[in-house]
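The values are calculated or read from the model by the stated rules, or taken from the named source; none is laboratory data. This is a predicted model, so every value here is computed, not measured. Note: ideal-geometry Cβ built from the backbone for every residue, glycine included; neighbour counts use all protein chains shown.
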Amino acid sequence: MAYRVYLVGGAVRDALLGLEPRENDWVVVGARPEDLLDRGFRQVGASFPVFLHPDSSEEYALARRERKEGHGYHGFAVDFAPDVTLEEDLLRRDLTINAMARDEHGCIIDPLGGREDLERRVLRHVSPAFREDPLRVLRVARFAARLAPLGFTVHPSTMALMRDISASGELEHLAAERSWAEIEGAMASARPGVFIETLRACGALQRLLPEVDVLFGVPQPAKYHPEIDTGLHVQMAMDFAAEMGWGPEVVFSLLLHDLGKGITPREEWPSHLRHEQRGVPLARRVCERLKTPNRYRRLALMVTALHLRCHQLAGMKPAAKLRLIEEADLLRRPELLDDFLRACEADYRGRGGFRDRSYPQAGILADALRAALSVRARDLDTTGLNGTQVGNLLREARVRAIAGT
């Protein structure tokens, strides 16, 4: 049976923007599953037929129609019959800039105005069916974060739909795994702070990350935080880390690092004593709710608990430096040092007027850890000592080594 293949979605969009496409997705029109299986494609996916190319392993999906029938991701009736047209397949997509296709001759098929919206730098929904999948709220926010450097903004009509979705309670039906996939992508974007700003503008931040939402409007001492607002500082720190190329794990740790300030009693504002300790249970709760991978959770909890101590390194005595190293588990896992220091530096420099300041604490802690690791129990005279005594002797030797840095 004859069928037609089109390049669709992000690859078409990114090529028109002059960006390097991250991956190629293809849609197949006029085919049945057996047509692709007969040509060596391998079927994956349970909800609808997606096939992996036998040579490139790129994804090929049969053109399909969708109709919402219930809550959540699985509440759709899907039709992938051979008579589904390319235009029908494009109509089910989220944004006009993602609803273009390119044929084998390089011609762009754009029935919904995606190319014009690319030129206008607008993120606009394809149809009212946008609201049928609440995950699209997060997807739009992620695209806003990724494309912000190019001047993209969310169309007012799309933002209105996102507000309706947020108010409807549909976000509560999202599986944690689906939400996390979008959040992780946003943490790797060019402007992750825009992701938070967009979610907040449509009311989704309050639904998905209420611990972060309450940070907006919470003041901090102007001496240390000229930007004053805690939520704004979080966005600035995230964007600073992203600009430095420090990775999504660091950016996510900054999203959570000041959660304790959201529960500071108002009568104590703008001071936030012990906000690190108060923030740890909140950060743990967010990680559990989102089912974040261990590497994200570990760094987020570490930065939340210890970022202020890192800022205070210059005035610390050697024993205090060793305690910080031990609490951060850096003796056992020294590979965590770089991301911890990056997050702390982004926290320090991601605030009004601090961007161009140096962060000597990074070198101080790196030197202290290097000195501590150079001291090993096997190099000490532990004759006749029990385990506790050996541990004390080792700590004393490490403190002396740190003092020499």
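A few notes on this one:
- Residues that are more than 22 Å from ALA362 (Cα to Cα) and among the basic types (Lys, Arg) within segment 260-296 comprise LYS261, ARG266, ARG274, ARG278, ARG284, ARG285, ARG289, LYS291, listed in sequence order.
- Total residues in segment 372-405, condition free of Cβ contacts under 8 Å to residues at least 24 places away in the same chain, in a loop (DSSP other than H, G, I, E, B) and not β-branched (Val, Ile, Thr): 6
- Among (1) over 26 Å from the mean Cα position of the chain (by Cα); (2) farther than 30 Å from PRO226 by Cα, the one test that ILE364 misses: (2)
- Verdict on GLU267 being at pLDDT 95 or above, part of a loop (DSSP other than H, G, I, E, B) and surrounded by fewer than 23 Cβ atoms within 10 Å (Cβ to Cβ): no
- Residue selected from segment 186-204 under the condition within 20 Å of ARG297 (Cβ to Cβ) and free of Cβ contacts under 8 Å to residues at least 60 places away in the same chain, by the criterion surrounded by the fewest Cβ atoms within 10 Å (Cβ to Cβ): ILE196
- Candidates are the residues of segment 154-185 that are out of contact with any helix residue (DSSP H, G or I) (no Cβ under 7 Å at 6 or more places or on another chain), in contact (Cβ under 8 Å) with a residue 24 or more places away in the chain and outside any helix (DSSP H, G or I); the one that is surrounded by the fewest Cβ atoms within 10 Å (Cβ to Cβ) is ALA175.
- Segment 316-354 - residue that is among the small types (Gly, Ala, Ser) and at pLDDT 95 or above and, of those, farthest from GLY247 (Cα to Cα): ALA319
- Every test in (1) within 26 Å of ALA186 (Cα to Cα); (2) not small (Gly, Ala, Ser); (3) not in a helix (DSSP H, G or I) is passed by LEU299 save one, and that test is (3).
- Hey, ARG115 under 29 Å from SER166 (Cβ atoms) and among the charged types (D, E, K, R) or not: no
Okay, residues lined up against (1) in contact with a strand residue (DSSP E or B) (Cβ under 8 Å, 6 or more places away or on another chain); (2) closer than 30 Å to TRP180 by Cα; (3) loosely packed, with under 14 Cβ neighbours inside 10 Å:
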{"residue": "LEU330", "(1), (2), (3)": "no, yes, no"}
{"residue": "GLY350", "(1), (2), (3)": "no, yes, no"}
{"residue": "ALA377", "(1), (2), (3)": "no, no, yes"}
{"residue": "VAL390", "(1), (2), (3)": "no, no, yes"}
{"residue": "THR405", "(1), (2), (3)": "no, no, no"}
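- Residue within segment 327-343 that is under 38 Å from the mean Cα position of the chain (by Cα), farther than 20 Å from ALA237 by Cα and touching a residue at least 60 places away in the same chain (Cβ under 8 Å) present: no
- Of everything in segment 118-141 that is of a type in the set (D, E, K, R) and touching a residue at least 24 places away in the same chain (Cβ under 8 Å), the residue that is nearest to ILE165 (Cα to Cα) is ARG131.
- Enumeration of residues in segment 64-99 that are at pLDDT 90 or above, within 22 Å of PRO134 (Cα to Cα) and either of a type in the set (A, V, I, L, M, F, W, C) or touching a Pro at 6+ places or on another chain (Cβ under 7 Å) (or both): LEU90, LEU91, LEU95, ILE97, ALA99
- Residue check for ARG355: surrounded by 15 or more Cβ atoms within 10 Å (Cβ to Cβ) and either under 24 Å from MET236 (Cβ atoms) or among the acidic types (Asp, Glu) (or both): no
- Scope segment 22-56; condition surrounded by 12 or more Cβ atoms within 10 Å (Cβ to Cβ), in contact with a Phe, Trp or Tyr (Cβ under 7 Å, 6 or more places away or on another chain) and not aliphatic (A, V, I, L, M); matching residues: TRP26, GLY30, ASP35, PHE41, ARG42, GLN43, PHE48, PRO49, PHE51, HIS53
- In segment 101-119, the residues that are surrounded by fewer than 16 Cβ atoms within 10 Å (Cβ to Cβ) and of a type in the set (D, E, K, R): ASP103, GLU104, GLU116, GLU119
- Failed condition for ARG284, given (1) without any contact (Cβ under 8 Å) to a residue 12 or more places away in the chain; (2) within 28 Å of LEU174 (Cα to Cα); (3) not β-branched (Val, Ile, Thr): (1)
- Some residue of segment 212-224 being of a type in the set (Phe, Trp, Tyr) and either closer than 30 Å to GLU119 by Cα or in a helix (DSSP H, G or I) (or both): no
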